[in-house]
Amino acid sequence: MNPIDPIILFFLLGLFAGLARAELRLPAAIYDFVSILLLLAIGLKGGIELAKQPFGDLLPQILAVLVMGFVLPLIAFPVLRYLGHFKRADAASIAAHYGSVSVGTYAVAVAYFGTREIFFEAHMPLLLVVLEVPAILVGIVLARGISNETRWGAVMHEVFLGKGIVLLLGGLLIGWIAGPEGVVSIKPLFFDLFKGILAIFLLEMGLITAAQIGSLRQYGLFLLGFGVLMPVFSAVIGAVLGWALGLSVGGTAVLATLAASASYIAVPAAMRVSVPEANPTLSLTAALGITFPFNVLVGVPLYHAMAERTHAFFGA
């Protein structure tokens, strides 16, 4: 039996401390610093790999993943609207969260596969960035339609100049321009300490998750079921797409993980600007209180097994 990864134990520590109402909380400045390091490290790794291959070779994958980013919220919306009986704005907002991605979940997947020495294509951070945007646009249209009242300038500012996108794209560009040899001097901070940085990040995420779990008493079993079943369904789409694009088993598993994750950074900021009448507690309860811990504790190994079976079923 494999021992539990220490980074998962850090998450469980934060979750337990939060549920027990222990006097534990990272200072906001520390959490921001850790988040910045994590986002830059992911971007840098992807940028280094981009420097090794022509961008044109990746274009089919980028376009296919972009389409998936539009499709996932369109699937989630009617489920939330007609089965969950959520208000239109709330259903659209939650659907947007589940069409976008969680950088934290991706980082856990990277650590998981790295520890087990499972190969996956190193340009996956580029696909991570691609998946951030389309679900936000779909969510706004689902909530409002094409309306002149929508503050598209403010929305685009949040989407493309939000902290997550800027740091991920910035890291990608720096890694791409500098190349493998150029980043040697910063390797100790961004690469060697990656799992330690992730452990501190997950400690805080455990505390935040504990704060969201209390909302389940109000919103009931439907949100709980959606927060587990929607990621699994999305992971199936991601796994089949990964196989169709010719990704390795590890790459297919990472794409399935991206599809299964739910945003809790970029989308909430954009929805706050464009759909202010949506209840953010619903979205964050689902994304952070249910889906994030499910993916961290169960989802990533499940999606790896799903990728293996997809390749075995359709043929490598």
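The values are calculated or read from the model by the stated rules, or taken from the named source; none is laboratory data. Keep in mind that what you see is a predicted model, and the values were worked out from it rather than measured. Please note: Cβ atoms are built from the backbone with ideal geometry, for glycine as well, and neighbour counts cover all protein chains shown. Heavy atoms of the whole protein, side chains included, go into the accessibility calculation; ligands, DNA and RNA do not. Shrake-Rupley method; radii C 1.70, N 1.55, O 1.52, S 1.80 Å.
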Measuring from its Cα centre, the range 1-68 shows a charge dipole (+1 at each Lys and Arg Cβ, -1 at each Asp and Glu Cβ) which, in debye to the nearest 20, is 100
The chain accessible area per residue, 1.4 Å probe, protein heavy atoms, integer Å², reads 44
Two pseudo-spin positions, 7 Å from Cα along C-beta at residue 51 and at residue 193, lie apart in nanometres by 2.1
Ranking 247, 235, 139 by how far each Cα lies towards the positive end of the charge dipole of the chain (+1 on Lys and Arg Cβ, -1 on Asp and Glu Cβ), the top one is 139
Cα extents of the range 61-188 along the principal axes, largest first, in whole Å, come to 51, 35, 24
Shape call for the chain, from the Cα gyration tensor axes a ≥ b ≥ c (a/c under 1.5 means rounded, otherwise prolate when a/b beats b/c, else oblate), comes out rounded
Dipole check, the range 26-311, charges on Cβ (K,R +1; D,E -1), about Cα centroid: among 259, 84, 112 the Cα furthest to the positive pole belongs to 84
For the range 26-311 the mean separation of alpha carbon contacts under 8 Å (6+ apart) over residue count, i.e. relative contact order in percent, is 31
If the chain between residue 279 and residue 30 were fully extended at 0.36 nm per residue, the gain over the current Cα-Cα distance would be 86.8 nm
Here the membrane-span-like helices of the chain, with no claim about any membrane, defined by DSSP H, Cα axial extent at least 30 Å and mean Kyte-Doolittle at least 0.5, are 28-50, 55-78, 216-244
For the range 208-267, the Cα-Cα pair-distance distribution in 10 Å bins from 0, as whole percents, is 22, 38, 27, 12, 1
Hits in the range 300-315: amide N under 11 Å from the 7 Å Cα→Cβ extension of residue 115, namely 301
Length gained, residue 308-residue 82, 0.36 nm per residue minus C-alpha separation, equals 78.0 nm
With +1 at each Lys and Arg Cβ and -1 at each Asp and Glu Cβ, the charge dipole magnitude of the chain around its Cα centre, to the nearest 20 debye, comes out at 580
At R0 = 30 Å the Cβ-Cβ FRET efficiency linking residue 66 and residue 186, nearest 0.05, sits at 0.45
Cβ-Cβ cut-off under 15 Å around residue 90, Lys and Arg +1, Asp and Glu -1: the net charge is +4
Contour minus Cα-Cα span, residue 23 to residue 244, at 0.36 nm per residue, comes to 74.7 nm
Here the net charge surrounding residue 12, from other residues whose Cβ is less than 15 Å away from its Cβ (Lys, Arg +1; Asp, Glu -1), is -2
Listed by chain and number, the aspartates and glutamates with an alpha carbon less than 17 angstrom from that of residue 187, same-chain partners under 8 positions apart left out, are 49
Taking a crude spin-label model, label points 7 Å out from Cα along the C-beta direction, the residue 272 to residue 298 distance in nm is 3.1
Excluding ligands, DNA and RNA, the carbon-plus-sulfur percentage of the accessible area of the chain with a 1.4 Å probe reads 69
